[in-house]
Amino acid sequence: MKKYIFELLLLFAAVACGKDALDYSPTDSGSGNKMLQAANTAITSINGVYRSMWTAGWSTSGNTHQCFGIAAYNLAQDAMADDFIMQGQGNGWFWYDHTYNVKSYYTSSAWRSYDVWRAYYKWIADCNYVIDAGKTMSGEEEDVAFVEGQAFAIRGMSYLYLAEWFARPPYNPITGESRWNDPGVPIYTTGTGIKTGGNPRASLKEVFKQVNADLDTAIVLLGKGKESVLNKNNKSQIGLYTALGLKSRCCLMAGDWEGAYNAAKRVIEEGEYTIGTESMLMSGMNSISAANVMWGAGIENAEQSGAYAGFFTHMDCVDGAYGQSAPKLINSSLYNHIGADDIRRGWWDPTDKESPYVTRKFKFANVASWLGDYIYMRVEEMYFTAAEAALRLGYVQEARDIMNEVMAPRNPSYNANYYSGTFLGSTTTTWTGSLLENILVQRRVELWGEYGRLFDVRRLGQGIDRKTSDGFSNDCITAMSRAGINLTNPATYDWVLTIPQAELDANPNINSEDQNP
Amino acid sequence: MRKKLTIVLAALLACMQLFAQGTISVSGIVTDRSGLPVIGAGVFVKGTTIGVSTSLDGDYKLDNVPANGVLSVSSIGYQSIDVPVNGRTKIDIVLDEESLELDDAMVVAYGTAKKESFTGSASVVKGDDLRKRAVGNVTKSLEGSVAGVTVTSGGGQPGEDAAITVRGIGSISAEYTPLYVVDGIPYDGSLSSINPADIESMTVLKDASAGALYGARGANGVIIITTRKGAEDRTNISYKGTFGVASRALPPYSLLNTKEFIQTVYEALRNGAQYGTGMDFESASAYAAENLGTQIGGLKNPEYYNPYKNYTWNTLIDQNTGLVKADAVASWDENWMAEISNNSAPRTEHVFSISSGNSKSDYLVTLGYYNEKGVLQNTDFERYTGRVNVNTQANDWLKAGFNANLAHTAADYQNFSGSSTSNVWYTAQFMGPVYPVYQKDMNGNDVLDGNGNRQYEYGDEDDNGYANRPTAQGFNSKAELFNNKAYYYRNAASARTYITLGTTDKEALLYGLKFSTNFGVDFNDYQRTVVNDKYHGNAAAQGGRISKTNTRVLSYTFNQILNYDKAFGAHDIKLMLGHEFYRYHYDYASGEKTGIMDGIDELAPAVTTSDNTTYANNYAIESVFTRLNYGYKNRYYFDASWRTDGSSRFHESNRWGNFWSVGASWRVSEEAFMQNTKDWLSNLTAKISYGMQGNDNLGTYYAWQGLYDYTWPNGTEAGAFASKLENRDVTWEKNGNLNTGIDASLFKGRLSVMLEYYSRKTTDMLLNNPLAISTGFTGFDDNVGSMLNQGFETSLRGTLIDKENFRWDANFSASMNRNKVLELTSSQDQITSGNRVIEKGYPIYTFLLSKSAGVDPATGKQLYYCYYRRGVDASGNTVNVKCDEYVTDNVALASLSKYYMGSREPLVSGSFGMNFTLFKNWDLSFLTTYSLGGKVYDSLYSGTMEVQYAGSNWHKDILNRWQQPGDITDVPMVEIGGSYAATDKYLIDASYFAIKNVTLGYTFPTRLTQKAAIKSCRLYFTADNVALFSRLGGMDPQQNFTGGVSYSYTPARALVAGVELNF
């Protein structure tokens, strides 16, 4: 019997487990601390952010087919503006943006307010960890600069777009009016922990200061980072020239024409991009490897594509795609301003029987797998920006030259020298025939459906006049008039999103009285 | 041995008195209630030595029995009875099993307990009761059998689990379902892999005294399933076979037919023109007639969908009456729900078992087959099970056993849920009856394929050649079931094995000391295949799609337990000490490709990879536990338990939690002062317990860790995305659980009464502590908040009549639970989840909705009570200002003005059932359940009353709509895509009364069956899920615990006939 007892005790001792038996980590996730220690692994975090910029499903609790990151935000800003018309409701995606029926859904986590706020702030948070780690990150100087520079660029871009969505524009170049003291968005510049409280809304001045500081830092670092072995010239990453492109957008919004001109000009001169030719423009705009593309999403395979929750399904009219049930049209008033010889007329079909002025601009690269790269920034934009800024700075001839250069492959009979003046109409379809308007018309045509037209409308100080005679649907006009939406006033709050309720609930420094009207 | 002893003793006693009488010969058979012969029962003439014991067939023959004598029949394990002879020569006797009400050993945590000494709250459901329910999944059979246990209807998908809560919802973010323990070891397999026929009993542990020994996993109750084993001294070979048919248990919602549908669409269009844009009636009617076609038939060739081929859309309606013209003839009028339903779905079951045992060893072998077709076409469930249970006392100090279950299940199922187009429960409900199921030509005739078969109509011009259906284009509910595939296989193996060391020799020094080690393993291999048609539907553009998902769970529990039982005079002591290690490993692999090879359900031949993932999860708990039971004079009982668990879910600094309980009970009836009540009050026990239980199941295995998710590659480069914030402090959710009550047994066991009160407070509740989302994270896992569940439970069981040829038993149970959220996070008093809130001071999932104020007779608009007005602030902006309540039709302001409207929690719920035994051969039973109070927000009903899309059908109640100024009704004017606030109009009283089961059985007299070498034969007929009486036809008030409904698989009613044979 004694033997049994001894054996029992032995058994007890044997099965008492080692300490490690209770330590497990997931197999497909891991701690960030180690990853961010070295530049060559920290780049993984930056890549994750890019991936999330074109991945649906994480930034909202629903409506994922219209919430798939940057391309969706650009589409929404197109759908909210003047040139991009939805023929009908279709399956409903982007229709609520189109008819200005999203602001009241700020209590829901499935709609645009939550989507945009959540996405940009998540990118900021991930970048803040990288920037925090940057100070001690191991690796060659240019490798660290390459990683850190992208973090600064993404953060700067995020604050720029947050300010743009959640506040009125800081500057109206037509009236000269500015509102730099208007509330912008909260600013965070260090990594989030469980003790991080919510910050109050900073003024637009502070937000733009942050955007400029971040983008300027990014430009310096990415200049160094060009030489990094980590830099594989992957256009789905933000390099020096994309950072400059973002800087030029920021300057346009702020009315800093000098800054916009310098940044855009530097891309044109130093960046090894070429102006898109007919073959690049007419093949569906679905490849970031094209020589005119500066930045986009390189979607490698069906595994990474969002299929229905993606850009091309909304644009391409192939069977089963949303573009078929809700065709996207160009405003006929704008279409009629395209030169007769302009190859870009081919991007739309005014003679289509059921959907006149329907777009043919964007096509799946691979229809069978519903694949295609998303394009976020093309070099042509830099030409239009440089031309506009030059003109606004008084360099009229330079503006004309830049226009003639970018338009040459588009319209052989184009000549900017026929145009002059900077007078703009009170609405975007009140035509004046000025050179400035012409630059903007070419920009609108060129970037239709891919840039987020409302970004420009806001900064220009013009209003929008939606008319059924230009192609807007009755349903859209009726819905807007019932809701009392009037876009002809450039100071309208209809363009300003509401802050999501979840933020008001959990942020002690932003309360109902801080909500946008 | 013991039986023989009994007979000898009885004979000796009988010897003492002997009377001479007029005598006869008496013969008959002694059987038990189930008709099995009782072997070796002693049959004596009372007061004499005249007696025999029954043969192997249970029969006896006695000579020289006084005609006015009394037969006394007894057998171990049965209640002895006296039967007056009354001159009969043929007396068949049925013995009842000995009433084990008090001495019954019940299965509890880590062992068994005598019911009399048990201080906690636990209910046992016998396998026989469970088996009456004609269900494929044992969770569904628990309904109505235990007070305090709430069971959802679990849907009609064959094999699917029902969800269960014990004593209310105990958690918000963490799981609130009970822990399942099978044969002493926590179970990680699928409950559908267990053959209900293999279950001996289920014990539901409800309080801390009963469940605290399950430590970190016991807070929400424990359900212990004990499987059958071979019985001592009885070899039994049995077969059970059933055959049945299933149909919908709930009627579908009443929707409009084609004619009503078209008229309603027409009226909605006319209303839009008349009241929306201000046309007069005539112009509005003309507008409606003109637009009816495109509204229903789409932009291209709308006449295709016009079922009335002798009129065009714009001439179909008489514009004066708004009705379809009387001489219009419809070529079709579809009922999509009926098209996808199967109201005669067959099911069959075969169970074969052999068991035997002697004083040393026992064994049981069962084989089972179960096949059930669903009430949704082309869905089914099939199960093969095999179980072996062997136990042996190898020598006087070693006992060992092995119990294993192998199961293979296969099912075709409906793959989609919610309001996704592919969910046929959604699309078949809303699809207007005007849309044909099968392809038509322009004249309304079926278009046949090359083989002369009808073809599904997908609502797509590319497919039908004519037109686009405005709703669910490219989809057909019936085709979804037949042209797409969704099926799974599951292979499960569960084994339980043990070795117990401890002497059986009562004289040995260490008698009472036992050491056991148990090892239990659950292996579960699951493979799911989903194939989307390459010719039609949403994968047609990609040439079809196939996905395969494989998951594997391997978990094991290994424990070592030392037990010491000893009685010293009036003191009984039981001590237990144990150590346990639990390990869980889960593997996930899935692949998806497009461009499939028709008819080959494999990834290999498909063309393009669209998904490819693997990952694994790991989890472990290590525990040490102990329990002391002390009894004094079989009258006072006390127990205490303690367990410490270390869970891998938490950081090492907060890993170990302590869980404990204390309990006491007092058998009042054993006291001297109660002796004069003994004749009617056989037992009265008062008990009380309190303890602390835990819950670590917050959905993630890596609760504390800050993580980056590595599955975010950017094109060709690897990518990681921050997914979770670190919180080293996160730890167990705790449940302080107080239970007190009385158990009484009256009138010699004819009536037993249980009454309990409990109060269960959840503290350190696991919640997502919200962060401002501008920090990049929505929150982090944290222990905040508390919640209270308290309630009463009672159950009564009684034998109303117990005559020789008629026995009538009845049982009744009632439970009341009151839930209240006491505290949420520091920054939050309310968590909104759709129309419900979790709010401090209110029951969990309280409805917060706008309040309907009827319909304005002048305008036909929905009115609301409202306490907000529009105002202007100092800077000139429009703002909403709170004000006194008033009535408005402004939807935006009504949406702000919300009222607390109660929750799903019923006032009281329970069950009522009866069993009858007639002429010993007939048995009849029924079980009903009831629930009073509580509410359900019926979004399926609101969806058919406030139709949002052209082509969607309406509920019949829309016929009571407002039509012209002056109409008094509660249904506003019809609109398509109208804007409404969610109101209490669709909050439906959830009270119901359900007849869950009616069973009628007939056991053939043994004397007939024994000729065929059959010990017993019972035929029976069962109707399961017979009827539900509730407030709204079509609504399932038992769909979930939170008071919602969804487009999900409707529950099934089954009519089953069966045979049970024992050889």
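Once the Cα-Cα distance is subtracted from the 0.36 nm per residue extended length, the A:Glu272 to A:Asp341 segment shows a gain of 22.0 nm.
All other residues whose Cβ lies under 11 angstrom from that of A:Ser59 are scored, Lys and Arg at +1 and Asp and Glu at -1, for a net of +2. Model label sites at B:Thr49 and B:Ala338, defined 7 Å from Cα along the beta-carbon direction, differ in position by 7.9 nm. Among the trypsin sites (Lys or Arg not before Pro) within the range A:449-517, those in coil by DSSP and having at most 16 neighbouring Cβ atoms inside 10 Å are A:Lys467.
Exposure proxy ranking for B:Ile39, A:Ile275, based on other Cβ atoms within 10 angstrom of each Cβ and starting from the fewest, stands as B:Ile39, A:Ile275.
Counting only other chain Cβ atoms within 10 Å of each residue's Cβ, the peptide B:722-728 averages 5. With a Förster radius of 25 Å applied to the C-beta separation of B:Thr348 and B:Leu924, the computed FRET efficiency comes to 0.60. The 3J(HN,Hα) values that the Karplus relation (6.51, -1.76, 1.60; θ = phi - 60°) gives for the range B:316-326 are, in residue order, 5, 9, 6, 5, 6, 9, x, 10, 4, 4, 4 Hz. Gly and Pro appear as x.
Does anyone have the angle between helix B:281-297 and the longest principal axis of chain B? Alpha-carbon axes, 0 to 90°, nearest 10? Helix B:281-297 sits roughly 60 degrees off the main axis of chain B. Most tightly packed first, judged by the mean number of other beta-carbon atoms within 10 Å of their residues, the peptides B:626-638, B:665-677, A:74-86, B:203-215 read B:203-215, A:74-86, B:626-638, B:665-677.
For the pair B:Lys114 and A:Lys135, a Förster radius of 51 Å applied to the C-beta separation gives a FRET efficiency near 0.15, rounded to the nearest 0.05.
By how many degrees, 0 to 90 and rounded to 10, does the Cα axis of helix B:258-271 deviate from the longest principal axis of chain B? It is inclined by approximately 50 degrees. Answer rounded, prolate or oblate for the range A:256-376, using the Cα gyration tensor with square roots of eigenvalues a ≥ b ≥ c: rounded when a/c is under 1.5, else prolate when a/b is larger than b/c, else oblate. Oblate, because a/c is 1.5 or more while a/b does not exceed b/c. Tell me the net charge near A:Pro169. Cut-off is 11 Å between Cβ atoms, A:Pro169 excluded, with +1 for each Lys or Arg and -1 for each Asp or Glu. That works out to 0. Which shape class, rounded, prolate or oblate, goes with the range A:328-425 when its Cα gyration tensor gives a ≥ b ≥ c as root eigenvalues, a/c under 1.5 marks rounded, and past that a/b bigger than b/c marks prolate? Since a/c reaches 1.5 and a/b is larger than b/c, the shape of the range A:328-425 is classed as prolate. Between amide H atoms placed 1.01 Å from N, distances below 5 Å from B:Asn683 occur with B:Ser745, all of them 5 or more places distant or on a separate chain. Taking each of B:Lys724/B:Lys882; B:Lys399/B:Lys574; A:Lys122/B:Lys898; B:Lys126/B:Lys687; A:Lys363/B:Lys440 in turn, the alpha-carbon distance tops 28 angstrom for B:Lys724/B:Lys882; A:Lys122/B:Lys898; A:Lys363/B:Lys440. The mean number of Cβ atoms from other chains found within 10 Å of a Cβ in peptide A:117-125 is 4, as a whole number.
Judged by the ratio a/c of the largest to the smallest principal axis of the C-alpha gyration tensor, the range A:171-244 counts as oblate, that ratio being 1.5 or greater while a/b is no larger than b/c. Peptide A:186-198 has a mean shielding of 5, counted as Cβ atoms of other protein chains within 10 Å of each residue's Cβ. Residue exposure proxy: A:His337, B:His955, ordered by other Cβ atoms within 10 angstrom of their Cβ from fewest to most, comes out as A:His337, B:His955. Taking a point 7 Å from the Cα of B:Thr614 along the Cα-to-Cβ direction, none of the residues of the range B:690-733 has its backbone N closer than 16 Å to it. Here is the list for the range B:409-518: trypsin sites (Lys or Arg not before Pro) lying in DSSP coil, each with at most 13 other C-beta atoms within 10 angstrom of its C-beta, are B:Lys506. Look at where the Cα atoms of the range B:1003-1032 and of the range B:655-733 average out, and the two centres are 41 Å apart. For chain B, the alpha-carbon coordinates run over 109, 69, 65 Å along the three principal axes, in decreasing order. Residues in the range A:135-157, backbone N under 19 Å from the label point at A:Asn33 (7 Å along the Cα-to-beta-carbon vector): list them, ranges by number please. The answer is A:135-138. Placing dummy labels 7 Å off each Cα toward the beta-carbon, the span from B:Asn64 to A:Gln397 is 14.6 nm. Charge tally around A:Ala479: other residues with Cβ under 13 Å, Lys/Arg +1 each, Asp/Glu -1 each, net -1. The listed peptides A:484-493, B:174-183, ordered by packing as a protection proxy, come out as B:174-183, A:484-493 (highest mean of other Cβ atoms within 10 Å first). Give me the angle, in degrees from 0 to 90, between the Cα long axis of helix A:141-166 and the longest principal axis of the Cα atoms of chain A, rounded to the nearest 10. Once rounded, one gets 60 degrees.
Taking the inverse of the mean reciprocal distance over all distinct Cα pairs, the Kirkwood hydrodynamic radius of the range B:257-354 comes to 15.6 Å. Residue by residue, the range B:350-360 carries 3J(HN,Hα) couplings of 9, 10, 10, 9, 10, 9, 7, x, 9, 5, 9 Hz when phi is fed to the Karplus relation 6.51 cos²θ - 1.76 cosθ + 1.60 (θ = phi - 60°); x denotes Gly or Pro.
Quotient of the Cα radius of gyration of the protein assembly as shown and 2.2 N^0.38 Å, N being its number of residues: 1.06. Evaluating 6.51 cos²θ - 1.76 cosθ + 1.60 at θ = phi - 60° for every residue in the range B:1018-1026, the Karplus couplings come out as 10, 10, 8, 9, 10, 10, 10, 6, 5 Hz, glycine and proline recorded as x. Sites listed here are chymotrypsin sites (Phe, Trp or Tyr not before Pro) in the range B:712-813 whose DSSP assignment is loop and whose Cβ has at most 16 other Cβ atoms within 10 Å: B:Phe747.
Ordered by the number of other Cβ atoms lying within 10 Å of each residue's own Cβ, fewest first, B:Arg383, A:Arg179 fall into the sequence A:Arg179, B:Arg383.
Charges were assigned to the Cβ only: +1 to each Lys and Arg, -1 to each Asp and Glu. The resulting dipole of the protein assembly as shown about its Cα centre is roughly 4560 debye. The packing ranking of peptides A:45-52, B:978-985, highest mean first, is A:45-52, B:978-985, where packing means the average number of other beta carbon atoms within 10 angstrom of each residue.
Each value in this text was obtained by applying a stated rule to the coordinates, not by laboratory testing. Since this is a predicted model, take the numbers as computed values, not measurements. Note: ideal-geometry Cβ built from the backbone for every residue, glycine included; neighbour counts use all protein chains shown.
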